[in-house]
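Enquirer: Can you read through this structure? Questions will come right after.
Every number in this text was worked out from the coordinates using simple rules, so none of it is lab data. This structure is a prediction, so every number in the text was calculated from the model and none was measured. Here the Cβ is made from the backbone with ideal geometry for all residues, glycine too, and neighbour counts use every protein chain on show.
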Amino acid sequence: MTIDPDEIFLDTYNLPAFDRQQFEGELERPIAKPTLVILGGFFLLLGLIFFGRIYYLQIKQGPALAARSQSNTLRHTAVFPERGVIYDRRGEELAWNDPERTYSELPGLAHVLGFVGYPSEEEISAYAYEPLELVGRDGVEKVYNQRLAGVKGTRIEEVDAYGEIHSDYFLRPPQAGENLYLSIDARVQSKLFELVASLARERGFAGGAGLILDVRNGELLALVSYPEFNPQTLSRGDDAAAISQWLDDPAKPFLNRAVAGLYTPGSIIKTVIAVGALNEGVVAPETEIVSTGSLTLPNPFAPDQPSIFKDWKAHGAVDLRQALAVSSNVYFYEVGGGFGDQPGLGIAGIDKYARAFGLGAPTGINWPSEAAGTIPTPEWKERFFPGDPWRIGDTYHTAIGQYGFQVTPLQMARAAAAIANGGWLVTPTVLAASSTAVILKPRPLDSSIKPEVLEIVRQGMRLAVTSGTAAGLAVPDVEIAAKTGTAELGTTKEAVTSWVIGFFPYQSPRYVFAVAMERGRRENVIGGVFIMRQLFDWLAAAAPEYLQ
């Protein structure tokens, strides 16, 4: 078929409806030669570069790179994050990071902060720790180790046979540990520690513990244990002599006496017995019992050998408030175990109310080695002294906090807080509210405990300060309510533990305190009250906000 030239011209120019966007009516033009030359030159240059690099790697550097590939390896290395800083409630640094974990030099913080160290082989295997990873060993460092430690990162390193690093990069960057704010006030903590330590050295106590607890939320303002260790030395681990001395010290500096120290409570337990006796109707607040200095219990098997239970002095006729104030043993022998026409709470009732106030069980502070304590009962006696029956004398002694009764200072502070705050058991914590995701609400005491009963016991504790055994706490700056105790130890009773518990301000309780001075000489009359009096005087001048 032949195409006429006019038809071609017609297609190109004469049709009126060409779509120029679709290249209709356009003639194709060949690519210009300069363009081909430039493009060809570009690809030629790329080829030369490519083949030149191959020549360099394969021919010039081939032997060296082959040797390197045989001797080098990729190593995954853990990158430890910055450990979180520990602050007190006022923002003062207590533990931080310089080239090493560094601790405040203020005295009295060792048991609260703890220390760090490298993991053992067992821990490396069980918890996938790295050999050079710092792990919390006690106190806050241990309890909150996961939060303080952060998240490890991973770095890939190319190393040769000599251990030299040729290249590296982060596979996963580390995440710094969380900073923690404690409820502890470092000033109050250190001052209370100094007072406990000073009295222990001057009066021959084996050790001591003291604490201050917020009755509303369980925050600990101070948590003291004496003696203590040096967390910096333990974290460094380079002073074997000092560490060995602490480990062998019969005073047990690693024992946190406030949380894990078990002590005979003595007369401070009378606050709990008083609540039980009033609540069960064993006595009325005005019921008087006469103390002539002892209670004599006839012995039906040997009439000429009666059992005599001594009071620390003859108090005469006292009601419940006065009995708490002067700490009458005879009064609590009778309301605890009964005597003559006076009914008693009984050992089952004593056990019931002691447990209602949280004794005989951990407080929930989640602290290393917290002790549960012991409430003596017939079942307990049969377990530890099989064949020896429970006697009324055992109930008498239990009612005044002797016999096998054992508590921690933290437990007694918590029990005192429940009396002070109207019947709520708090969960102790060393974390400020800003550093805890879960705030544990106080739980109520046994619902049968009447509010007016707690008020009467509070009045008795206030009377102890205004005219009783805790008169040393009658300070001008704040009204205090308290209960003292002197727990006799051993069969010879030559050693005692000096106690004081209490709360302030009396009209609107905010804080409770507990001090236990361990194993002092019986003839010494200076103990827990003296420590707290000095602390209140100091608070009035240095931290009056806590007395409001």
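Enquirer: Which of the lysines could a cross-linker bridge to LYS313, judged by Cα under 22 Å and excluding same-chain residues fewer than eight apart?
Expert: Hits, sequence-local ones excluded: LYS270, LYS483, LYS493.
Enquirer: Note the angle between two axes, namely the Cα long axis of helix 270-279 and the longest principal axis of the Cα atoms of the chain, as a number of degrees from 0 to 90, rounded to the nearest 10.
Expert: Approximately 80 degrees, to the nearest ten.
Enquirer: Once you place label points 7 Å from the Cα toward the Cβ at THR77 and LYS493, how far apart are they in nm?
Expert: Inter-label distance under the simple model: 6.9 nm.
Enquirer: Also, quick follow-up: Just want the ordering: HIS111, HIS397, from fewest to most Cβ atoms lying within 10 Å of their own Cβ.
Expert: Ascending Cβ contact count within 10 Å gives the list HIS397, HIS111.
Enquirer: Cβ under 9 Å from VAL496's Cβ, VAL496 left aside: what net charge do those residues give with Lys, Arg +1 and Asp, Glu -1?
Expert: Spelling it out: positives minus negatives among the neighbours equals +2.
Enquirer: If you don't mind, there's one more thing I want to ask. Using a Cα-Cα cut-off of under 12 Å, which aspartates and glutamates could be cross-linked to LYS441, ignoring same-chain neighbours fewer than 8 residues away?
Expert: Hits, sequence-local ones excluded: GLU219.
Enquirer: Once both labels are modelled 7 Å past Cα along the beta-carbon direction, what's the TYR127-GLN146 spacing in nm?
Expert: Here the modelled spin labels are 1.1 nm apart.
Enquirer: Sum -39500 (n - 2.57) across every DSSP H segment of at least 4 residues in the chain, then divide by the residue count to get the 222 nm mean residue ellipticity, nearest 500.
Expert: Mean residue ellipticity, 222 nm, calculated: -10000 deg cm²/dmol.
Enquirer: Could I ask something else about it? Which angle from 0 to 90°, rounded to the nearest 10, does the C-alpha axis of helix 346-356 make with the longest principal axis of the chain?
Expert: Rounded to the nearest ten degrees, it is 30.
Enquirer: Kirkwood hydrodynamic radius (Cα pairs, Å) of the chain?
Expert: 28.4 Å
Enquirer: Could you check the spin-label model distance between ARG383 and ALA240? Points 7 Å from the Cα along Cα→Cβ, value in nm.
Expert: Computed distance between label sites ARG383 and ALA240 equals 4.3 nm.
Enquirer: Please compute the net charge surrounding MET461, taking Lys and Arg as +1 and Asp and Glu as -1 over other residues with Cβ under 12 Å from its Cβ.
Expert: +3
Enquirer: Same structure, new question: Please tell me the relative contact order of the chain in percent, rounded to the nearest whole number, where contacts are Cα pairs under 8 Å and at least six residues apart.
Expert: Worked out over the chain, it gives 14 percent.
Enquirer: Just rank LEU454, LEU473, fewest to most, by other beta-carbon atoms within 10 angstrom.
Expert: LEU454, LEU473
Enquirer: Still on this structure, please answer the following. Kirkwood hydrodynamic radius for segment 431-527: how many Å is it when counted over pairs of different Cα atoms?
Expert: Evaluated on segment 431-527, it is 15.8 Å.
Enquirer: Now for a different question. Using Cβ counts within 10 Å as a stand-in for footprinting exposure, how do ARG155, ARG101 rank, fewest first?
Expert: Lowest count first: ARG155, ARG101.
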